[in-house]
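Colleague: Pasting a structure below so you can have a look.
Rule-based calculations on the coordinates, nothing more; no lab input. This is a predicted model, so every value here is computed, not measured. Positions of Cβ are backbone-derived with ideal geometry, glycine not excepted, and every protein chain shown enters the neighbour counts.
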Amino acid sequence: YLKVGLFCGQDTVQVSAKRAFLVRDAVSKAVLEHVPAGTVLNVRQQSGKFQLGGKAIQASSLELAAEERESSLFVVHGKSYRGSLLLQMHSAGITVINEVSLEAYLYGVIPKEMPAEWPAEALKAQAVAARTFALYQRGRHHTEGYDVCATTHCQVYGGTAAERSETNAAVDATRGEVLYAAGKPIDAFFHTDSGGMTENSENVWGTYYPYLRAARESVSKTNPWQVKYTVPELQVKLKEAGYD
């Protein structure tokens with residue numbers, strides 16, 4: 001399972017589900033509330049504490065889950081997500097986290113990172129890369145209480161609204177397939193457009209990865225562009241950006 005950060009710094013969180021669900025203290029697992037199907041639950045924060053139905057809750061984090069987690073579908077602020085939810089109290093407000101299986105997470109990632117209309121083999125390749133990237137990056141946001149965020153900082157995750165039959169099929173067809181090097185998942189970077197050529201990792205991030213070597217695209221249908229600067233102009237731009 002992955003913990004995906006959805007929303008941060010929320011004063012109020014609106015949650016509903018098509019099935020009844022439970023609200024538990026995420027630490028003690030004590031049941032705090034039984035919520036009927038279709039009910040909109042408003043969870044508020046006041047003075048650093050959760051408020052459920054006007055009652056202050058002492059728990060520092062709440063777990064919202066149906067009895068059968070994989071069959072549940074939660075709606076948060078109008079967006080639906082598989083799995084369960086974790087609400088954490090922080091000084092800036094409530095953080096909403098989606099705890100979801102890796103494969104279900106990919107359902108909401110692949111169509112946000114590659115057009116679902118692209119060839120099936122391209123979608124499968126993207127599924128393997130995205131799965132590998134997620135495993136490598138797991139824990140990237142551990143200080144905030146989750147593994148990955150739902151933005152381009154990690155991978156764009158759109159929940160069930162983003163899902164498409166073609167990309168779901170690509171995820172299913174590659175289930176469990178991961179790229180490894182030296183017995184560990186690789187840092188499987190991908191991009192929108194290489195411009196026809198990639199770069200050695202150390203020339204970008206300063207770190208050598210044997211599997212991230214410069215390569216030319218075998219078929220290039222990109223939109224190349226070119227910008228020219230004199231050396232003095234480039235030096236000024238670098239200095240303005242804080243580089244010597």
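Colleague: Tell me, Kirkwood radius of region 8-123 from alpha-carbon pair distances, in Å? Working shown, then result.
Modeller: Numbers: mean 1/r = 0.0661 Å⁻¹.
Averaging 1/r across every pair of different Cα atoms and inverting gives 15.1 Å.
Colleague: What is the gain in length, in nm to one decimal, between N223 and A169 on full extension, counting 0.36 nm per residue of separation less the C-alpha to C-alpha distance? The partial results should precede the final answer.
Modeller: Numbers: separation 54, 0.36 × 54 = 19.44 nm, distance 2.95 nm.
Full-extension gain reported as 16.5 nm.
Colleague: Please report, in debye to the nearest 20, how large the charge dipole of the chain is about its Cα centre when each Lys and Arg carries +1 at its beta carbon and each Asp and Glu carries -1 there.
Modeller: Taking the Cα centre of the chain as origin, the dipole is about 360 debye.
Colleague: Quick one: in region 1-44, what % of C-alpha pairs are over 11 Å apart? Intermediate results must be reported in sequence, preceding the final value.
Modeller: Details: 691 of 946 pairs.
Of the Cα pairs, 73 percent sit more than 11 Å apart.
Colleague: Further question on the same structure: Excluding same-chain residues fewer than 8 positions from K124, which lysines have a Cα within less than 16 Å of its Cα?
Modeller: Here the lysines satisfying the reach criterion relative to K124 are K112.
Colleague: Next question, about the same structure. For a protection proxy built on the mean count of beta-carbon atoms within 10 angstrom, sort 167-180, 72-85, 93-106, 189-202 highest first, please. Walk me through the intermediate numbers first.
Modeller: On the way: 167-180: 17.0, 72-85: 19.3, 93-106: 22.1, 189-202: 12.7.
In decreasing order of mean packing, 167-180, 72-85, 93-106, 189-202 become 93-106, 72-85, 167-180, 189-202.
Colleague: Further, regarding this structure: Can you check what the Kirkwood hydrodynamic radius comes to for the chain, Cα pairs only, in Å to one decimal? Walk me through the numbers before you get to the answer.
Modeller: On the way: mean 1/r = 0.0490 Å⁻¹.
Kirkwood radius, the chain: 20.4 Å.
Colleague: Need one word for region 68-205: rounded, prolate or oblate. Basis is the Cα gyration tensor (sqrt eigenvalues a ≥ b ≥ c); a/c below 1.5 gives rounded, then a/b vs b/c decides. Let's see the in-between values first.
Modeller: Details: a/c = 1.81, a/b = 1.29, b/c = 1.40.
Here region 68-205 falls in the oblate category.
Colleague: How long are the three semi-axes of the equivalent ellipsoid of region 176-227, in whole Å, if each is the root of 5 times an eigenvalue of the C-alpha gyration tensor, listed from largest down?
Modeller: Working: eigenvalues 114, 43, 15 Å².
Semi-axes (√(5λ), whole Å): 24, 15, 9.
Colleague: Can you find, among V4, A20, T160, the residue farthest towards the positive end of the dipole of the chain? Put +1 on the C-beta of Lys and Arg, -1 on that of Asp and Glu.
Modeller: A20
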